[in-house]
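The values are calculated or read from the model by the stated rules, or taken from the named source; none is laboratory data. As the structure is a computational prediction, the values presented were derived from the model and not from experiment. Backbone-built Cβ (ideal geometry, glycine too); neighbour counts: all protein chains shown.
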Amino acid sequence: MATELSARKAAIKPDVPSAPTPIESAGKLLESSYEQVLAAFGAMGYPVDTDDNFAETAGRAARAMLELVRPVGDIQRELEDMLARTFPARYDSMVVSKHNTCFGMCPHHLLPVVYRVSVAYLPSDRVLGISKLSRMVHLLARRPVLQEDFTHELAEILFERLKTRGSAAYIEGLHLCMAARGIEAHEARVVTSAVRGAFRDQPATRQEFLDLVTAPQPSLL
């Protein structure tokens with residue numbers, strides 16, 4: 001009897017709390033950090049302790065930052081899933097997704113960047129579903145990376161990972177670190193481009209892409 005009771009006790013293990021996910025850990029760190037930011041605002045004379053508008057600001061700001069910046073692991077998994085779902089290419093003409101507006105983060109000042117992104121590729125054997133191009137752009141924007149790196153990574157993924165005959169990316173960026181502070185050049189846009197394969201080797205192909213994505217056009221709606 002005693003042996004059976006001991007076996008039952010051994011089989012009953014106490015609940016062990018699961019380890020926090022990366023986004024849960026990040027959320028706690030961010031909320032704690034924003035509480036320090038609010039304390040700094042208080043030192044500047046703002047009524048953060050008495051004004052109800054600041055009552056839950058640290059938590060709201062943390063959640064907002066987690067929308068602006070996605071965990072690396074989540075981005076990699078979603079990207080792999082997108083690239084795994086392709087279709088046979090029926091044509092070899094240029095595929096373009098232009099003027100995708102999305103948001104990123106400047107790694108120098110941790111201020112938002114508003115991007116307008118255009119990408120293109122020349123299919124070889126497989127093509128992405130057309131919505132996947134926009135999803136990929138929006139997904140990869142949600143990181144604290146330089147616009148130059150973002151541009152080249154898009155072109156590289158479409159060329160190497162999709163195994164195309166060529167790819168291109170063209171990005172215009174409104175950087176709040178330059179528009180809302182410092183020189184306050186809110187009218188300025190940072191423009192970057194990257195080309196691979198046929199877009200690099202064939203000037204006519206590259207120019208066709210640039211003409212398509214920079215030409216003024218009336219609204220569709």
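Observations
- Failed item, numbered, when Ala168 is tested on (1) assigned to a loop (DSSP other than H, G, I, E, B); (2) buried (at least 19 other Cβ atoms within 10 Å of the Cβ): (1)
- Some residue of the stretch 58-68 being surrounded by fewer than 17 Cβ atoms within 10 Å (Cβ to Cβ) and more than 22 Å from Arg143 (Cβ to Cβ): yes
- Scan of the stretch 167-221 for residues that are of a type in the set (Phe, Trp, Tyr) and either outside the structural domain of Val119 (by TED's automatic domain parsing) or touching a Gly at 6+ places or on another chain (Cβ under 8 Å) (or both), ordered by number: Phe199
- Filtering the stretch 136-165 to residues that are polar (S, T, N, Q) and part of a loop (DSSP other than H, G, I, E, B) leaves only Thr164.
- Count of the stretch 171-205 residues which are surrounded by 15 or more Cβ atoms within 10 Å (Cβ to Cβ) and over 28 Å from Val96 (Cα atoms): 3
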